[in-house]
Amino acid sequence: MRFAGYCILTDDSYQLTKDQGKEDHIKGFVVAGTHSGSGKTTVAIGLMAAFKRRGLKVCAFKVGPDFIDPGYHSQICGATSRNLDGWMLPEGYNRNAFQRHAQGSDLAIVEGVMGLFDGYDGKSEAGSTAQMAKWLGLPVVLVVDARSMARSAAALICGFEHFDQDLDFAGVVFNRIGSATHLAYLKEAMAGNVQMPCLGGLPREPGLALPERHLGLVTSEDNPLSAGYIERLSDLVEESIDLETIFACLGSAPEKAAEDHPRPAGRYPARIGVARDEAFCFYYQDNLEILESFGAELVFFSPLRDQSLPHGISGLYLGGGYPELFVQKLSDNVSLRAEIKAMSEKCCPVYAECGGFMLLCQGIEDTEGGFHPMAGVYPLAVHMLSRLKALGYREITLAASCPLGPVGQVVRGHEFHYSEIIEGAVDVQLAYNIAGRGKTGTRGEGFLVKNTLGSYVHLHFGSNPGVAENFVRSCSEYENAG
């Protein structure tokens, strides 16, 4: 463990450092928790809001495959938050994405995933927040949930700061402290036992907890943060956390890495319809931009509100989200469902992930047994479960030619859902061989009907931009053939 030393800044030196930040390399830090549920999202967005209030231009990133936290980051910062991932994406891609999207900012704040050292498995740092912090050369602000703890918190922190000697720490923020006396006990316990400083402690305030549902936090599309919430959180962070100490200890992120994949080899003009609303909002921004880099014109539409598909499209991208929460409204949109099925039957390229795949099925059975017809592209139906069905990283190898390319293409992604295909469904051609953790075996998935490909897996095109190129090319060829 290396300690990111600090000094106390006056108001003048704070402004001077802010101004110098634009000329130097990118300044930033990582917000990590000891475990999932420690409060790192609340602390992270609070820090974003507080530094922004002080006049800094703040950009945000999220470690891991999560779609929801970046939405809150984007609302706070006024700019799109990006996903970084040490398992789905190579080191060079992550470093370049960070450098590219943090340029022009005074401060980059990276929210971690799960606990600091948690990732792909228990034997390596792959996919962990710690790995990303080292790749980016950024210090870690460790969030510790201090409920029902005093001296034991010091033992916990001691373990974290000694577990990886190559990791830098800016300090610790205690969350959910009971009182000023409680915080004083925690500081006493740290004195002489740990090296990193205490940067402050947020009190328990139930009103600041972000709402959750079965797939995690409620999305920013469905539950945007109110101005009052943001102001209260900013006030609390400024009162409770030593922002000057955090900013003073920041180093600079390293230069860009060598390119890990070639620049686009060609452009293939095609208008691609992209489903985007409260029900379908799980998209990596990088995926959309990679499609555009190959010539795609993305035309967004709402399966909840639009009665027809956008005019002149030659492909469809149906992302994930929460269709089960809007199942009746989707089912009632008969005209749009019919147009989607008609496009599939004409062999138009269609690519769908998770919630988008569910939209293409015969229907969705809710947890009470009610059945809601969907587009009917697949001779399959799904039903919702009260428990998690699948979670984890996935590596996909194409086992059949499809809109994403020929046999043998490899791409990585993530799976997380609470529904399953109803048993006894009709067989459909499978285009994926999916390897999970450890690659001890594969299973078939990736449902292929004509030129429509659907799956429960969310792919990140940054792991293999060639599949995005193949999809755009396929859409362009369909348009030209028409």
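The values are calculated or read from the model by the stated rules, or taken from the named source; none is laboratory data. Keep in mind it's a predicted model, so treat the numbers as computed, not measured. Here the Cβ positions follow ideal geometry from the backbone for every residue, glycine too, while neighbour counts run over all protein chains shown.
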Select from segment 155-174 the residues that are surrounded by fewer than 22 Cβ atoms within 10 Å (Cβ to Cβ) and of a type outside the set (D, E, K, R) and write down the one among them that is farthest from Thr129 (Cα to Cα).
Ala155
Residue in segment 211-223 that is modelled with pLDDT under 90, surrounded by fewer than 16 Cβ atoms within 10 Å (Cβ to Cβ) and among the hydroxyl-bearing types (Ser, Thr, Tyr) present:
no
Count of residues meeting criterion [touching a Cys at 6+ places or on another chain (Cβ under 9 Å) and either outside any helix (DSSP H, G or I) or in contact (Cβ under 8 Å) with a residue 60 or more places away in the chain (or both)] in segment 170-190:
5
Sort through Gly369, Gly466, Gly424, Gly413 and tell me the only one that's touching a strand residue (DSSP E or B) at 6+ places or on another chain (Cβ under 7 Å), outside any helix (DSSP H, G or I) and either at pLDDT 95 or above or surrounded by fewer than 17 Cβ atoms within 10 Å (Cβ to Cβ) (or both).
Gly413
Tell me the residue from Ser463, Ser455, Ser419 that is in contact (Cβ under 8 Å) with a residue 60 or more places away in the chain, within 19 Å of Lys341 (Cβ to Cβ) and in the same structural domain as Gln328 (by TED's automatic domain parsing), please.
Ser455
Would you point out which residue out of Ala108, Ala126, Ala133 is crowded, with 20+ Cβ neighbours inside 10 Å and outside any strand (DSSP E or B)?
Ala133
